[in-house]
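Visitor: Handing you this structure, nothing more for now.
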Amino acid sequence: MKSILIIGLGKFGHHLCTNLAELGNEIMAVDIKEEVLEDLLSVVTSAKIGDCTNEEVLKSLGVRNFDICFVCIGTNFQSSLEITSLAKELGAKYVVSKANRDIHAKFLLRNGADEVIYPDRDIAEKLAVRVSANHVFDYIELTEECSIYEIPLLKEWAGRSIKEINIRAKYHVNVLGTKKDGHLSLLPEVDYVLRMEEHLMVLGRKEDVDRILKRL
């Protein structure tokens with residue numbers, strides 16, 4: 001469990017807040033508009049109304065006491081930049097700021113952000129990969145070379161164990177889990193027998209996964 005400050009409760013900040021709360025974290029949510037906080041009162045530890053570009057307001061939140069401070073303001077870059085810089089000056093341990101453009105990210109990093117996230121860009125990239133490949137059901141990029149893919153089984157894999165198929169040696173991908181009806185089982189044993197109705201979660205390079213997909 002971590003103590004987390006979320007500044008800016010737009011669509012992204014709102015979803016971030018509810019998901020972090022579901023995972024058991026203690027959250028303070030702050031926004032300049034009272035109405036965006038109302039439906040979060042039941043899930044956050046505390047909620048405050050305030051303009052965090054005002055140093056006194058930000059200081060009153062005790063930013064140095066949080067494990068992570070999220071600055072989720074996407075529509076006003078000037079405000080995002082000011083809050084990011086002020087939070088770091090006031091002793092925030094780790095500041096994560098939302099950016100919409102590369103130039104914004106550069107300024108945020110130069111002015112105190114420890115990490116910059118691009119939720120809109122990341123979702124667009126993930127969706128593009130998924131819809132471009134006929135048999136990719138989900139996709140998580142880890143590095144420029146390696147990603148996690150959710151793919152269907154080859155027909156010849158059904159009824160055989162992971163060890164028998166020798167997936168890693170033959171196809172150069174690692175099986176991280178199996179998925180059926182939305183239920184994910186991680187790290188199956190090598191003697192686990194695969195079933196046709198399952199999907200595989202595999203870690204590998206795009207070119208190696210593509211070779212598998214071409215055989216479907």
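Visitor: Compute the angle between helix 119-132 and the longest alpha-carbon principal axis of the chain, please, reported from 0 to 90 degrees and rounded to the nearest 10.
Guide: Taking Cα atoms only, the helix is inclined about 20 degrees.
Visitor: Dimensions of the range 104-216 along principal axes (Cα, Å, largest first)?
Guide: Per principal axis, max minus min of the Cα coordinates gives 55, 27, 27 Å.
Visitor: A further question follows. Taking K and R as +1 and D and E as -1, what net charge do the other residues with C-beta under 11 Å from the C-beta of residue 64 add up to?
Guide: Working: positive: 59, 88, 93; negative: 67, 89.
Around residue 64, the surrounding residues sum to +1.
Visitor: Restricting to DSSP H runs of at least four residues, report the calculated mean residue ellipticity at 222 nm for the chain, -39500 (n - 2.57) per run over all residues, nearest 500 deg cm²/dmol. Walk me through the numbers before you get to the answer.
Guide: Numbers: 8 runs with 71 residues, N = 216.
Mean residue ellipticity at 222 nm (helix-derived): -9000 deg cm²/dmol.
Visitor: Let's see if you can work this out: charge +1 on each Lys and Arg Cβ, -1 on each Asp and Glu Cβ, no other charges. What is the dipole magnitude of the range 3-117 about its Cα centre, in debye to the nearest 20?
Guide: Computed about the Cα centre, the dipole is about 400 debye.
Visitor: Looking at the chain, send over the antiparallel percent of its DSSP beta bridges, to the nearest 5.
Guide: On the way: 21 of 40 bridges.
If I count the DSSP bridges inside the chain, around 50 percent turn out antiparallel.
Visitor: On to the next question. For residue 106, list the aspartates and glutamates whose Cα falls under 19 Å from its own Cα; do not include residues on the same chain fewer than 8 positions away.
Guide: List returned: 82, 89, 114, 115, 120, 122.
Visitor: Given the pairs 98/179; 126/170; 88/206; 33/179; 2/33; 11/126, which are separated by over 30 angstrom at their Cα positions? Before the final figure, lay out each step's value.
Guide: Numbers: 98/179 32 Å; 126/170 27 Å; 88/206 38 Å; 33/179 41 Å; 2/33 25 Å; 11/126 19 Å.
With Cα atoms farther than 30 Å apart: 98/179; 88/206; 33/179.
Visitor: Taking the dipole about the Cα centre of the chain, with the C-beta of Lys and Arg at +1 and of Asp and Glu at -1, give me whichever of 50, 19, 29 is farthest to the positive side.
Guide: 19
Visitor: Continuing with this model, one more query. Given +1 on the Cβ of Lys and Arg, -1 on the Cβ of Asp and Glu, and no further charges, what dipole in debye does the chain carry about its Cα centre, rounded to the nearest 20? The partial results should precede the final answer.
Guide: Details: 28 positive and 34 negative charges, 155 e Å.
My answer is approximately 740 debye.
Visitor: Mind jotting down the three principal axis lengths of the range 30-183 based on Cα atoms? Whole angstrom, largest first.
Guide: 65, 36, 27
Visitor: How far is it, in nm, from the label point at residue 143 to the one at residue 190 when both lie 7 Å from their Cα along the line to the Cβ?
Guide: Using points 7 Å along Cα→Cβ, the separation is 2.4 nm.
Readers should treat all values here as calculations from the given coordinates under stated rules, not as data from a laboratory. Fair warning: this is a prediction, and the values are worked out from it, not measured in the lab. Note: ideal-geometry Cβ built from the backbone for every residue, glycine included; neighbour counts use all protein chains shown.
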